[in-house]
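Here the structure comes first, spelled out in structure tokens, and everything after it is commentary.
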């Protein structure tokens, strides 16, 4: 196998992994402040991708421009979901939360199936055919570069926000001890609502970035949710930086697996890595015992 092919696969994996980390970061932030695990997480990203398909079909709107619609729309959806749905189950048993989010999964997936059918779809953007040569080593599609740059900037920008701003300090305080944060004057409910909305908004950004890279179908959301949970656990439960790092690791592993093995076996390589990590380092990449 040529070294240039391997290098190309690694670079492509890093670029896709930046978005995997971003998707996982949404789950990590929401879990840190609410203790909720949203099994419909990936389906909201799938919904964002289908919204891009509708806007492209109806108005010829490029997916990157569709982000101007999906980002504010998903922020509003996140606020509404928290206020009218998830806030009601914050103190409920975990099984009730699982049943609730799985119910949302079935509603979203079957709704998209009825509207769009079961065909595989993708939405092209204006960079789909553009190629950037990185010297004599490898050539990368422009869509991957945009995905890497935007995903990395937003992901590490959010990490900086969590570590360096007042809102971030409030998030970390709630994650450490919710009752103590409340007694210190932090508006816990407001912070939980904002972070939940940001987690959903991230999906409104990731959807347009991946419409020309990933092929979508109505049940694609479960695959995305599974990858999000894997990055959530691989990085170390509740570890924000670890989630971002796990996203890159997962992206590279998937890319190398598809290159070296191919087919279903290659796609299974990230899951095998996840199992090995659980056996030999259950606390995650950057987690603590």
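The values are calculated or read from the model by the stated rules, or taken from the named source; none is laboratory data. Every value quoted in this text rests on a predicted model; they were computed, and no experiment measured them. Cβ atoms come from the backbone with ideal geometry, glycine included; neighbour counts cover every protein chain shown.
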Checklist line | Identity of the residue in region 88-122, within 17 Å of residue 51 (Cα to Cα) and surrounded by 15 or more Cβ atoms within 10 Å (Cβ to Cβ), that ends up farthest from the chain's Cα centre (by Cα) | finding: 116
Note to self: Can you tell me which condition residue 128 does not meet? The list is (1) touching a residue at least 12 places away in the same chain (Cβ under 8 Å); (2) within 27 Å of residue 57 (Cβ to Cβ); (3) assigned to a helix (DSSP H, G or I), and all the others hold.
What the structure shows: (3)
Item checked: Index of the failed condition, residue 244 passing every other in (1) over 14 Å from the mean Cα position of the chain (by Cα); (2) in contact (Cβ under 8 Å) with a residue 24 or more places away in the chain; (3) over 23 Å from residue 103 (Cα atoms) -> (1)
Note to self: Suppose we filter region 42-85 for residues that are free of Cβ contacts under 8 Å to residues at least 12 places away in the same chain and assigned to a loop (DSSP other than H, G, I, E, B); how many remain?
What the structure shows: 2
Check: In region 26-36, is there at least one residue being assigned to a loop (DSSP other than H, G, I, E, B), modelled with pLDDT under 90 and surrounded by fewer than 24 Cβ atoms within 10 Å (Cβ to Cβ)?
Finding: yes
Checklist line | Residue list for region 269-289, filter: in a loop (DSSP other than H, G, I, E, B) and over 19 Å from the mean Cα position of the chain (by Cα) | finding: 281, 282, 283, 287, 288, 289
Next item on the list: Say whether the condition of being within 20 Å of residue 148 (Cα to Cα), in a loop (DSSP other than H, G, I, E, B) and at pLDDT 90 or above is met by at least one residue in region 250-258.
Entry: no
Item checked: Criterion violated by residue 113 - all others in (1) out of contact with any helix residue (DSSP H, G or I) (no Cβ under 7 Å at 6 or more places or on another chain); (2) at pLDDT 90 or above; (3) closer than 30 Å to residue 35 by Cβ satisfied -> (3)
Item checked: Filter pass, residue 53 being at pLDDT 90 or above, surrounded by fewer than 23 Cβ atoms within 10 Å (Cβ to Cβ) and in contact with a strand residue (DSSP E or B) (Cβ under 8 Å, 6 or more places away or on another chain) -> yes
